[in-house]
Amino acid sequence: MKRDEGGRVAGKVALVTGGAAGLGEAIARLLAREGARVMVTDIDEESGARVAADIGEAARFRRLDVTDEAQWVSVIGDVMAEFGRLDVLVNNAGISEPGNIEDESYDHWKRVMTVNADSVFLGCKHAVRAMKEGGGGSIVNIASALALKAGAMFVAYCASKAAVTILTKSVALHCAENGYNIRCNSVHPGAIETPMFERYLDMAVGDREATRKFFESQHPLGRVGKPDDIAYAVVYLASDESGFVTGEELCVDGGNVIS
Ligand SMILES: NC(=O)c1ccc[n+]([C@@H]2O[C@H](COP(=O)([O-])OP(=O)(O)OC[C@H]3O[C@@H](n4cnc5c(N)ncnc54)[C@H](O)[C@@H]3O)[C@@H](O)[C@H]2O)c1
């Protein structure tokens, strides 16, 4: 992959979680194309290593289960050893499985909260320490349109992403008030064509095409999103272009939340 030495995040070092597929892969690739060095992380070691190898010299891969605090400490240590600094953390890894308040089990609720929300707490906590040492940074948390607009079929998912949204603001305020030069923002995708979205089409009762049309109809722009729609937003928040933006909710959802 061709890197742009003068790109929008040139010289920065980024850690991306869930970077083996979907949004995380697109984000890692675009950050690298825009000049960053990237630590791609995931629990899927084979695909993650393939993404990093394909990006080339600018990327490394490490296994990181985002629910495991010891692994966070170890991987951030690896970032410092490999690249000498951490400027950007993208907390992207997440799971989405349907469940309403009547059929959701407590075990599944806890699993979704752990993978989607506890993980972002852990990532922010350990990244802030590393970023402080380097004089600042930018944390981008991937939430969801469903953090801002409830879906009856997604009780745990909505709650986990709402937790990420307000956690983001708390981290942003703490860092601002302490003069750390660390910004923290959330991105709220609508439905985006990734393996996660494909699994929803597979689960659909009835026709896949009808389900896709239903998803499209939920977005006033009349389509579902592409991974790069999200990656461009992340690069903006990771870059110095967004230097006066912190604690913000950036919806990239074709108008879903406002409709
Ligand atoms: N695709 C969408 O429509 C959509 C919409 C709104 C928000 N999101 C959010 O965007 C993020 C990425 O979604 P996606 O569509 O790319 O998902 P995906 O399922 O296509 O890919 C997710 C990646 O995260 C990894 N992962 C899962 N659990 C992990 C863990 N415990 N530790 C580390 N890695 C783990 C998976 O191995 C996979 O590579 C998620 O947080 C998701 O909730 C997606």
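Bear in mind that the values in this text are calculations on the coordinates, not laboratory data. Just so it is clear, the structure is predicted and the values come from calculations on it, not from any experiment. When we count neighbours, we look across all protein chains shown, and the Cβ atoms used for this are built from the backbone with ideal geometry, even at glycine.
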Equivalent ellipsoid semi-axes - Cα gyration tensor, the range 108-249, angstrom: 31, 17, 12
Using the 10 angstrom Cβ neighbour count as an exposure proxy, how do S239, S170, S186, S105 rank, fewest first? S105, S170, S239, S186
One finds the C-alpha centres of the range 150-204 and the range 214-259 to be spaced, in Å, by 12 Å
Which FRET efficiency value, to the nearest 0.05, is calculated for T114 and K169 with the Förster distance at 22 angstrom and r the Cβ-Cβ distance? 0.55
Charge dipole (the range 130-224, unit charges on Cβ, about Cα centre) - positive-most of F197, A130, F214: A130
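Mind scanning K125/K161; K132/K169; K12/K125; K125/K226; K110/K226 and naming the pairs with a C-alpha gap bigger than 27 Å?
K125/K226; K110/K226
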Evaluated at q = 0.09, 0.15, 0.17 Å⁻¹: base-10 log I(q)/I(0), Debye formula over Cα of the chain: -0.37, -1.05, -1.34
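Do any GluC sites (Glu not before Pro) in the range 4-112 lie in a DSSP loop with no more than 11 other beta carbon atoms within 10 Å, and if so, which?
Of the GluC sites (Glu not before Pro), the ones in loops of the range 4-112 whose Cβ has at most 11 other Cβ atoms within 10 Å are E5, E57, E102.
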The summed charge of the V128 Cβ neighbourhood (under 15 Å; Lys/Arg +1, Asp/Glu -1) stands at +2
